[in-house]
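One structure is given below, encoded as structure tokens.
The values are calculated or read from the model by the stated rules, or taken from the named source; none is laboratory data. These numbers were taken from a predicted model, which means no experiment stands behind them. Neighbour counts are summed over all protein chains in view; Cβ atoms, including those assigned to glycine, are modelled from backbone coordinates with ideal geometry. In case anyone asks, the SASA skips ligands and DNA or RNA and just uses the protein heavy atoms, side chains included. Shrake-Rupley method; radii C 1.70, N 1.55, O 1.52, S 1.80 Å.
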Amino acid sequence: EPVPLLLVVSHDADESRFTSAFRTRRAAWRHDPRWHAVELTPPPHADVLRLLAQAGASPARAETFCELARDNPGLALGLHAVAPLEADLASLPRTHDGLRLFRVKQLGDDALKACGTLAALGGVAPMGALNAVSPTLVVSLQPALAAGIVESVTGGVLQLLRFSDTRMRPSLANVLAQAPALGAKLADG
């Protein structure tokens, strides 16, 4: 039975990083009239610098993170939040996925292995399944839960753990705010 469905696909604008499979899917979406592309441009460089300054970044550090993130404010703020002052800039991630992996690695080997297991299970799994894999798995995921990389949600009667970057939720709100026509279409079903 057909039901209304909203699927938001967010991706980096740098097409050189697309896999061939994603290129094919993206091309099919763009030719399907049911899909609506909303391309967001980065805010002005000065605005991203101001955001970083408000977050406590020095002018030099703010400029560096703007450059690394190509003025993507979420990525620039994420880099500022996790990069030590003496960080080797070449070792810092250049994408949101890279930032998530960087953050997980900072939690230690146990959390990294536990997150790898959760990823292998599809990125979301019931607590019971995780305990069946290993009784210490849920404990090893606690640092990732505390960091907002993994979240606990209720799915019916099941308690689930899933990958989630809580910093991305405001980005979705921004997408909908910048696309009022899309929001009206969604409201109409």
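Could you work out [θ]222 nm for the chain from helices alone, using -39500 (n - 2.57) per DSSP H run of at least four and dividing by all its residues? Round to the nearest 500 deg cm²/dmol.
Calculated from helices alone, the mean residue ellipticity at 222 nm is -15000 deg cm²/dmol.
How many nm separate the modelled label positions at T19 and D110, each set 7 Å beyond the Cα in the direction of the Cβ?
3.1
Under 15 Å from a label point 7 Å along Cα→Cβ of R94: give me every residue in segment 1-42 with its amide N that close.
Within reach of a label on R94, which here means backbone N under 15 Å from a point 7 Å along Cα→Cβ, segment 1-42 contributes 12-19.
From zero up to wherever the largest Cα-Cα distance of segment 59-114 sits, split into 5 Å bins and tell me the percent of pairs in each.
In order of increasing distance, the bins hold 4, 20, 31, 24, 11, 6, 3, 0 percent.
Skip the ligands, DNA and RNA, and give the accessible area per residue of the chain with a 1.4 Å probe, whole Å².
63
Averaging the inverse of every distinct alpha carbon separation and then flipping it gives the Kirkwood radius. What is it for the chain, in angstrom units?
Taking the inverse mean of 1/r over all distinct Cα pairs, the chain comes out at 19.0 Å.
Roughly how many percent of the accessible protein surface of the chain is carbon and sulfur, given a 1.4 Å probe and a whole-percent answer?
60
5 Å is the cut-off here: which amide hydrogens, built 1.01 Å from N in the peptide plane, fall below it relative to V150, excluding neighbours closer than 5 in sequence?
Residues meeting the amide H criterion: L145, S164.
log₁₀ I(q)/I(0) of segment 47-147 at q = 0.15, 0.18, 0.20 Å⁻¹, via Debye over equal Cα point scatterers, no solvent, to two decimals?
One equal scatterer on each Cα of segment 47-147 leads to -0.67, -0.82, -0.91.
Simple spin-label model, 7 Å along Cα-to-Cβ: T154 to E86 in nm?
4.8
Rank-order 4-11, 78-85, 52-59 by packing density, defined as the average count of other C-beta atoms within 10 Å over each peptide's residues, highest first.
The densest-packed peptide leads the list: 78-85, 52-59, 4-11.
Among P93, P33, P135, whose mean-square fluctuation peaks in a Gaussian network model of the chain (Cα, cutoff 10 Å)?
With Cα springs under 10 Å in the chain, the top fluctuation among P93, P33, P135 is at P33.
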